[in-house]
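J.: Got a structure for you, questions after.
Throughout, read-outs are computed from the coordinates displayed, never taken from laboratory work. Model, not experiment: these values are computed from the prediction. Counting neighbours? That spans all protein chains shown, and the Cβs are built from the backbone with ideal geometry, glycine included.
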2 protein chains.
Amino acid sequence: MAATASYDLYYWPFIQGRGEFPRLVLEAAGVSYRDVARLPAEQGGGVDAMLSIMRGDKPGIPPYAPPFLVDGDVTIAQSANVCRYVGERHGLAPDDAAGRAHALQLALTVADLVDEAHQTHHPISGSLYYEDQKGAAQLAASAFCTERVPAFLGYFERVLAASGGPWLLGPRVSYADLCVFQAVAGLDYAFPRTTARVKRQTPVLVDLCARVAETKNVAAYLASERRIAFNEMGIFRRYPELDDAS
Amino acid sequence: MAATASYDLYYWPFIQGRGEFPRLVLEAAGVSYRDVARLPAEQGGGVDAMLSIMRGDKPGIPPYAPPFLVDGDVTIAQSANVCRYVGERHGLAPDDAAGRAHALQLALTVADLVDEAHQTHHPISGSLYYEDQKGAAQLAASAFCTERVPAFLGYFERVLAASGGPWLLGPRVSYADLCVFQAVAGLDYAFPRTTARVKRQTPVLVDLCARVAETKNVAAYLASERRIAFNEMGIFRRYPELDDAS
């Protein structure tokens, strides 16, 4: 535990995206951090500050893409990896090797869900517009809503049954709970019809998400201006034609 | 270090796929393991044994999908997470927190590359045949070959420059080297024209991959029958029409 730690988080300033997972872990842990790309340039902020680190202007192993965390001299990338790093240091991960492996396993399963959600509106390429891949998007979203959302949410429901709850890994909250909460929030936003339908089959997961949202630090964060609203530039986009498309 | 450890690895028996990353780490570490789904049913093997664990027939946190590792009472899933778990226990990961975070960061960046390689032949859905999404596949593969392969391999080249080599994280080999080696081997197989073209820009990475292939345990494994050949059921598929498609 390094309660006085201060971190610099770098992510695109206008979206929740993959940066929201580390943001939530930092907020829930109550540690001090700067969300650098959202600060003005005169405070060392802005997107240019982020791009400079991605170009390798800082010594050490560079990140491939945001989000990344700067902890002193060290830069750490990959959303689930940053969640793990912060969670293990600040009381949001189990203490034993098996529990730590399970927390990361769940965060990475969430990352798979997030990738597949992104694929629904960009099945062909991230560098083409949605409008230029709408036909493929319709087909991808249909498979996602029909098969994948029930499979993923059903999986988290089974994990809660296996651990006995109330949290995914048992008696203590971990960063895995925050990651699952955020994924379900994204699904609620982007695919409201699909998600409402699937959630009727996963009541324990629904309770878990409500419990996460009510924890003190998370509730304060969600009510603050630091929480960027979901929008159609992020990963979870509300395109009604993709929700329960068939 | 638990030199006498014995693990059970579970993955689809006919492909390298995402299971090949943990397989390589287990082989390179020289630890004892069973590749359970490839064993006969009378030895507790076969795909049914794997599916039974995925259904939750074993106590504890279940896996969402293969590959997963059984270490005594504990089941651990997600390919990069299994690599990390084995690598950290058996001398194939740095000892410090920053180095461990960087090893996982690189393994997860490889996992992103692998996901995108899979998307080239299944851009719309994993549950449709390639033949039913060939048009979208052509477009996805074009973007992958033109933009993504150079971006990923160029990134690993920059990491080698930043660390000073000879391994990705400096003086000691880690599971990150094995993961990058396997991804480049897959690209060599599936996209030979694209990969040959891009590799001319990444000579240090090419040297790294040769060095991995020559390490004693890896060389013995690659020459053995335990190494399944690449094929068109796996993630890296040689569909000539997708290689340097435009």
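J.: Based on the Cβ-Cβ distance from residue A:196 to residue A:132, what FRET efficiency comes out when R0 is 35 Å, to the nearest 0.05?
T.: After rounding, the FRET efficiency stands at 0.70.
J.: Further question on the same structure: Based on DSSP, what percent of beta bridges with both residues in the protein assembly as shown are antiparallel, to the nearest 5? Write out the running numbers ahead of the final one.
T.: Details: 16 of 24 bridges.
Rounded to the nearest five, the antiparallel share is 65 percent.
J.: In 20 Å bins starting at 0, how do the alpha-carbon pair distances of the protein assembly as shown split up by percent?
T.: Pair shares across the bins are 24, 61, 15, 0.
J.: Could you tell me the center-to-center distance, by alpha carbons, between region A:16-60 and region B:115-189 in angstrom?
T.: Here the answer is 26 Å between Cα centres.
J.: Give me the base-10 log of I(q)/I(0) for chain B at each q in 0.14 Å⁻¹, Debye formula, one uniform scatterer per Cα, rounded to two decimals.
T.: -0.95
J.: Considering chain B as a Gaussian network with a 10 Å cut-off on Cα pairs, which listed residue, B:126, B:19, B:99, attains the greatest mean-square fluctuation?
T.: Most flexible of the set in this elastic network: B:126.
J.: May I pose another question? Loop sites only, by DSSP: take the GluC sites (Glu not before Pro) in chain A that have at most 14 other C-beta atoms within 10 Å and name the longest stretch containing none of them. Provide the component values of the computation, followed by the final result.
T.: Numbers: sites that count: A:225, A:232.
Result for the longest clean stretch: A:1-224.
J.: Per residue and in cubic angstrom, what volume does the convex hull of the Cα atoms of region B:97-215 have? The partial results should precede the final answer.
T.: Working: hull volume 12.6 nm³, N = 119.
Spread over its residues, the Cα hull of region B:97-215 gives 106 Å³ apiece.
J.: Okay, moving on. In nm, what does the list of distances from residue B:42 to its counterparts in the other copies look like, shortest first, when each label sits 7 Å along Cα to Cβ?
T.: Label point to label point, same position, other copies: 8.1 nm.
J.: Apply 1/(1 + (r/R0)^6) to the Cβ-Cβ distance of residue A:238 and residue B:48, taking R0 = 30 Å, and write down the FRET efficiency to the nearest 0.05.
T.: Computed FRET efficiency for residue A:238 and residue B:48: 0.10.
J.: Calculate the spin-label point distance for residue A:206 paired with residue A:95, positioning each point 7 Å from the Cα along the beta-carbon direction, and give it in nanometres.
T.: Distance between the two pseudo-spin positions: 3.6 nm.
J.: Would you tally the net charge around residue A:163, using a Cβ to Cβ cut-off of less than 12 Å, leaving residue A:163 out, and scoring K and R as +1, D and E as -1?
T.: With Lys, Arg at +1 and Asp, Glu at -1, the neighbours total 0.
J.: Taking each label point as 7 Å beyond Cα in the direction of the beta carbon, state the distances from residue B:200 to the same residue in the other copies, shortest first, in nm.
T.: 6.0
J.: Still on this structure, I have one more. Which net charge results when you count Lys and Arg as +1 and Asp and Glu as -1 among the other residues whose beta-carbon is under 14 Å from that of residue A:95? Don't skip to the end; give the middle numbers.
T.: On the way: positive: A:84, A:89, A:100, A:172; negative: A:88, A:96.
Result for the local shell: +2.
J.: Quick one: of the DSSP bridges fully inside region A:6-89, what percent are antiparallel, nearest 5?
T.: Working: 7 of 11 bridges.
Approximately 65 percent, going by the DSSP bridge assignments.
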